[in-house]
Amino acid sequence: MMNVDEKYKMINMNMRDDNRQFPISMLVSLKQLSPNQIQISYDRDVDVRLAMKPTNYWIKDTINDIPKGISTLGKNNSVNATNSVIWLA
């Protein structure tokens, strides 16, 4: 059984800071360059191959329960493999 200090350390390890064991890059900016191009900037270096994989992204509609437009998630939905962004070329 863990004591309170151990639980606190585990919770903090998952929070956003530079001391995380497995840091996740956070979105800094997103700019539409053309009708079919976007430029994404992150707060740290990323694996470009993974960053370009569409199924690693979701677009959340923060207003509607059912996603509208290009959104893949409604405001109360959770991220899962079936609602990721999928581009067909």
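The values are calculated or read from the model by the stated rules, or taken from the named source; none is laboratory data. None of these values were measured; they are calculated from a predicted model. Here the Cβ positions follow ideal geometry from the backbone for every residue, glycine too, while neighbour counts run over all protein chains shown. Surface areas here come from the heavy atoms of the whole protein model, side chains and all, with no ligands, DNA or RNA. Shrake-Rupley method; radii C 1.70, N 1.55, O 1.52, S 1.80 Å.
Is there a residue being open to solvent by 60 Å² or more (accessible area, probe 1.4 Å) and in contact (Cβ under 8 Å) with a residue 24 or more places away in the chain anywhere in segment 71-81? Within segment 71-81, one or more residues are open to solvent by 60 Å² or more (accessible area, probe 1.4 Å) and in contact (Cβ under 8 Å) with a residue 24 or more places away in the chain.
Looking at (1) out of contact with any helix residue (DSSP H, G or I) (no Cβ under 6 Å at 6 or more places or on another chain); (2) open to solvent by less than 90 Å² (accessible area, probe 1.4 Å); (3) at pLDDT 90 or above, find the lone condition where R49 falls short. So R49 meets the others, but not (2). Does segment 5-24 contain at least one residue that is at pLDDT 60 or above and either among the small types (G, A, S) or part of a loop (DSSP other than H, G, I, E, B) (or both)? Checked against the condition, which is being at pLDDT 60 or above and either among the small types (G, A, S) or part of a loop (DSSP other than H, G, I, E, B) (or both), segment 5-24 yields at least one hit. Residues in segment 52-70 that are open to solvent by 60 Å² or more (accessible area, probe 1.4 Å) and free of Cβ contacts under 8 Å to residues at least 12 places away in the same chain: how many? Residues in segment 52-70 being open to solvent by 60 Å² or more (accessible area, probe 1.4 Å) and free of Cβ contacts under 8 Å to residues at least 12 places away in the same chain: 7 in total.
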